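Beneath this line is the structure, given in structure tokens, with notes to follow.
The values are calculated or read from the model by the stated rules, or taken from the named source; none is laboratory data. Quick caveat: nothing in here was measured; it's all calculated off a predicted structure. Every residue, glycine among them, receives a Cβ derived from its backbone with ideal geometry; neighbour counts consider all protein chains shown. Accessible surface is based on the protein model in full, side chains and every heavy atom, while ligands, DNA and RNA are left aside. Shrake-Rupley method; radii C 1.70, N 1.55, O 1.52, S 1.80 Å.
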Amino acid sequence: MKALLCTRYGGPDDLELADIPVPEPGPGEALVKVAAAALNFFDTLIIAGKYQSKPAMPFSPAAEFAGTVERLGAGVTGLKAGDRVLGYGGHGAAREQIAIPADRLVKLPDGVNFDHAAGLTVTYGTTLYALKDRAKLKSGETLAVLGASGGVGVAAVELGKLMGARVIACASSPEKIDFARKHGADEGIDYAKEDLKDGLRRLTQGRGADVIYDPVGGPYSEAALRSIAWLGRFLVIGFAAGEIPKLPLNLVLLKACDVLGVFWGAWIDRDKAGHRANTEQLLAWVAQGKLTSHVHAAYPLAEGPAALKAIASRQVMGKVILKP
């Protein structure tokens, strides 16, 4: 079978398309034929050796996927050959077939296609965990979303609206703001043209946002924190800007706010039942047409490097998938 492999740390062009043996599912595993594998920003870090997890080489990028169960290893119950599933493995899905623990798979409901399902687990899973389980977002509150046109940003806009919040989309161009508005954002701030702190204060009549969703980091984190509401919740999602900010703790004290880490990848191992329940809820919302799981572009497996470069250059609005 074909697989996109990282054989040495580097950039997207250092990846290799190779023929490798089809894996055999071990005890408790399922072999899945991959119909679509989704890429995320952290894939650019994993292949460069700059992410917190460092898989043994050679490995394939792409943490999440959707496809069809081919066969099962010993001891697997609740699945059968032919079942349509989505899955999350941390890495390894940029290939034609993948063997994975069966408890990391969730069946797809009718009406949810592979392309939309493939990109659901990480972005929407992270975001539902962040907004529901960490921030406990309430209907009527104001949610500010940084990087609002990216994969997790779009998820935050859509889920925030679904949960009854007023959503302010913060992004770096008018086109990205318009895109976020099409996905439900009520207001927008172009932080390439307007100071983010001033913009958030302006749109909240000086009160500030109740919840700030920050997958960007860099210089925007402190600016957003300075505009947070009393008893607000600041969600640390990631650092797409490349710089890990150092937040002044006096701001946390003065606003009596919470700074909440969102380490979704660790949480799903610690609370598998909670993760499964969240994933099943997300799939139900997609089937009902309440979430788009928007696909920006689909690339053949061989063009995986081009897909990763598009993500790294911030050209992507929504999700990018590979079609093995």
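Observations on the structure shown:
- Near residue 260, the amide H atoms lying under 5 Å from its own belong to 234, 235, 236; only residues 5 or more places off or on other chains count, and H is placed 1.01 Å from N.
- Pairs over the 27 Å Cα-Cα cut-off, from the set 33/136; 33/54; 54/182; 136/255; 33/272; 138/290: 33/136; 54/182.
- Normalised per residue, the accessible area of the chain is 41 Å², obtained with a 1.4 Å probe and no contribution from ligands, DNA or RNA.
- Centre separation in Å (Cα based) which lies between region 174-213 and region 53-102: 38 Å
- Where (i) -0.73, -1.13; (ii) -0.63, -1.09; (iii) -0.55, -1.05 are the candidate values, the label of the one calculated here for log10 I(q)/I(0) by the Debye sum over Cα atoms at q = 0.10, 0.14 Å⁻¹ is (iii).
- Projected label points at residue 250 and residue 269, each 7 Å from Cα along the beta carbon direction, are separated by 3.9 nanometres.
- Evaluating 6.51 cos²θ - 1.76 cosθ + 1.60 at θ = phi - 60° for every residue in region 233-240, the Karplus couplings come out as 10, 9, 9, 8, 9, x, 9, 4 Hz, glycine and proline recorded as x.
- The length gained by stretching the chain between residue 18 and residue 306 to full extension, at 0.36 nm per residue less their Cα-Cα distance, is 102.0 nm.
- In region 40-98, Cα pairs under 8 Å separated by at least six residues give a relative contact order of 36 percent.
- Solvent-accessible area of region 83-165 (1.4 angstrom probe, protein heavy atoms only): carbon and sulfur portion equals 48 percent.
- Computed about the Cα centre, the dipole magnitude for region 230-324 is approximately 100 debye when only Lys and Arg (+1) and Asp and Glu (-1) carry charge, each at its Cβ.
- Per-residue surface analysis assigns residue 296 an accessible area of about 70 Å², computed on protein heavy atoms at 1.4 Å probe radius.
- By average C-beta atoms within 10 angstrom, highest first, the peptides 147-155, 93-101, 7-15: 147-155, 93-101, 7-15
- For region 207-324, with all protein chains in place and a probe radius of 1.4 Å, 58% of the accessible heavy-atom surface sits on carbon or sulfur.
- A Cβ-based charge dipole, computed about the Cα centre of the chain with Lys and Arg at +1 and Asp and Glu at -1, lands at about 640 debye.
- Gain in span if fully extended, residue 132 to residue 222, counting 0.36 nm per residue against the direct Cα distance: 30.1 nm
- Dipole magnitude of region 50-139 about its Cα centre (Cβ charges: Lys, Arg +1; Asp, Glu -1), debye to nearest 20: 420 debye
- Given charges at Cβ of Lys, Arg, Asp, Glu: the chain dipole, positive-most of 44, 55, 262: 262
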